[in-house]
Structures are given as structure tokens and as C-alpha cells.
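Computed from the coordinates by the stated procedures, all read-outs in this text should not be read as laboratory data. All values reported here derive from a predicted model rather than from experimental measurement. Virtual Cβ from ideal backbone geometry, glycine too; neighbours counted across all protein chains shown.
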Amino acid sequence: MWYEILPGFAIMTICLVIPGVATTQIHKFTNGGKEKRIARVPYQWYLMQRDKQLSGTGKYYESKGLENIN
């Protein structure tokens, strides 16, 4: 009957979900616990460059915090 397709559908769904979840977790791990930032418009790119300069390490995801910004 129609319910015989459910195990195959579940396996296919899991196989399609795993790469997306794994990619997100890898980005969090490599970016110091923060999600990947995407610059879709020039203003967002400007903010990422500003954060890179403010961090002092050349990495936009390592922020000093508001108390350390001059």
C-alpha cells in the first residue's frame, strides 16, 4: 500500500538533511562558535571589513567587545 514508501522516503530525507546540518556545524566550529556571515549587499561587506579591522587579528568573527573599542 501507500505506507510502504515511508521507510524509503525517511531515508532519502535524512540523506538530504545531513549535509546542510553538517555544513552549519562545521562553520560554527571553525568560526569560533559563531555562524557564518554572508555579505549579500555592499553594506554588509563594509560591516565585515570594519569588524575585521576592529578585531586586530584580521578575522571578522573575533570581536573585542564594546568595552575594548576606542
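Here are some notes:
- FRET efficiency for the residue 52 to residue 21 pair, using the beta carbon distance and R₀ = 35 Å, is estimated at 0.80.
- Axis angle, to the nearest 10 degrees, between helix 42-55 and the longest C-alpha principal axis of the chain: 60 degrees.
- Structure-derived Kirkwood radius over Cα pairs in Å - corresponding label in [x] 15.2; [y] 13.1; [z] 12.4: [x]
- Given charges at beta-carbon only (K, R positive; D, E negative), |dipole| of the chain in Debye: 360
- Calculated [θ] (222 nm, deg cm²/dmol) that DSSP helices of n ≥ 4 give over the chain, each run adding -39,500 (n - 2.57): -19000 deg cm²/dmol
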